[in-house]
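FYI, it's all coordinate maths here, none of it is from the lab. Only a predicted model underlies this, so the values are computations on that prediction, with no experimental measurement involved. Cβ placement follows ideal geometry from the backbone for every residue including glycine, while neighbour counts extend to all protein chains displayed.
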Amino acid sequence: MKNRHVTIRSAEPCIITVEQHILQEQRRHSPHATGSFSWLLSGITLATKMTEARVRRAGLLDVLGKAGNVNVQGEEQQKLDIYADEALVHCLGVRENVAVIASEENEEAIMFDGREGTGKYVVVFDPLDGSSNIDVNVSVGTIFSILELPPNLSSSDDASVACLQPGVKQLAAGYVVYGSSTIMVYTTGHGVHGFTLDPSFGAYVLSHENIRIPEQGSYYSSNDAYWDAFPQPYRDYIMHLRSGAMGRQYGLRYIGSLVADFHRTLLRGGIFLYPPTEKHPSGKLRLLYEANPVAFIAEQAGGFASDGTRPIMEIEPTEIHQRTPLIVGGKSEMKAFEEFVQPVGSTQAK
Ligand code: AHM
Ligand code: MG
């Protein structure tokens, strides 16, 4: 009997899902990859789809509002914070290659039983960034960073030790914004790519290939209510942006969800600043699961991130919930920033 030959045509023109993209990237950059990394990332995409489904029904379900607990940061947990955290803990827990995780919502890092020998990865995340905005329909998101499991970790070791690696060691980083649409942005060190969730069939579809942060934007993003608490060089720099001295008068955009403020900055250019303040002298944002992933993505897109003295990704962490000032943006803005707020040693923004 003759074989029937069929040419596969795609149902929709040129659809590339995030899973396909990760496999393609792995074939291109690591031909001997086992698929283990894609399996891990599929756990993150699944958890974010579960969270997105809840976020979209917020207001209909009894999921809004405070849960009545206070997390390790001393902040009140929202019900959706807990749901988003549990979704990630579950979806990563069933990926046998994930050994250790750490979340903004949990004081301690978690080591999954028996994985110290077989696991390969450490995942740190902020399950629902900006969640104080959720009751008023403002964009929130999930941020994650993936690291290699250090060798020789034993089950008696403190799991947080595995997480305490500088940002330069990240294997991958990404975020999801639950905004007017849901978008996932990730990097594995080969550019930055964005995938919009198509709600009609539940897949993240490539919509923003090889994102580059514009050389210069028109907005800065910081909480100006803390103006009096900003160090003088930061105030001088912001006045410089406002003055038109950089060839345009910068406007202000501030949502109060890092993930959404950074996403706008990535696509439109400009700069995001959370300087040290009197209330938060070491900054407010968390190094491991907020600043590091954002810095990795910014650098891969042609931008730069600093804590005001050094590149974010060079900071050696000492605690899993460590805070840091965060200044991140495009080339022109970061170069000008360093003329006002001098880094230690030579200029870092190239
Ligand atoms: P969280 O919601 O995960 O606790 O994150 C902290 C949020 C960031 O998303 C945002 O950039 C910042 O806190 C806003 O802080 P402020 O209200 O001080 O401007
Ligand atoms: Mg956060």
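Considering only DSSP beta bridges where both residues belong to the chain, give the percentage that are antiparallel (nearest 5).
The answer is about 80 percent antiparallel.
Counted by Cβ distance under 15 Å from LYS49, the other residues give a net charge of -1, where Lys and Arg count +1 and Asp and Glu count -1.
For LYS120, the aspartates and glutamates whose Cα comes closer than 20 Å to its Cα, not counting residues fewer than 8 places off in the same chain, are GLU19, GLU25, GLU96, GLU108, GLU148, ASP157, ASP158. Counting neighbouring Cβ atoms within 10 Å and putting the fewest first, the residues HIS21, HIS5 line up as HIS5, HIS21. So, in Å, what gap is there between the alpha-carbon centers of the range 327-344 and the range 233-274? Comparing the Cα centres of the range 327-344 and the range 233-274, I get a distance of 12 Å. Can you tell me how the range 94-205 classifies by the Cα gyration tensor, rounded, prolate or oblate, using a/c under 1.5 as the rounded cut? Because a/c hits 1.5 or more and a/b exceeds b/c, the range 94-205 counts as prolate. In this simple spin-label model, placing a label point 7 Å from the Cα along the Cα-to-Cβ direction at both GLU215 and ILE15 gives a separation of 3.9 nm. Taking the chain as the reference, fit the longest principal axis to its C-alpha atoms, fit the long axis of helix 232-243 to the helix C-alpha atoms, and give the angle between the two in degrees, 0 to 90, nearest 10. Compared with the principal axis, the helix lies near 80 degrees. One chain, two ends: SER30 and HIS208. Fully extended at 0.36 nm per residue, the span grows by 61.8 nm beyond their Cα-Cα distance. The residues packed around LYS169, meaning those with a beta-carbon under 11 Å from its beta-carbon, carry a net charge of -3 if Lys and Arg are +1 and Asp and Glu are -1. Calculated [222 nm] ellipticity per residue, helices only, for the chain: -8500 deg cm²/dmol; basis is -39500 (n - 2.57) per DSSP H run with n ≥ 4, divided by all residues, nearest 500.
Between the range 186-219 and the range 143-185, the alpha-carbon centres lie 19 Å apart. Taking the number of Cβ atoms within 10 Å of each Cβ as an exposure proxy, the fewest-first ranking of GLU116, GLU316 is GLU316, GLU116.
Could you compute the net charge surrounding SER218? Neighbours are other residues with a C-beta less than 13 Å from the C-beta of SER218; K and R count +1, D and E count -1.
Neighbour charge sum, excluding SER218 itself: +3.
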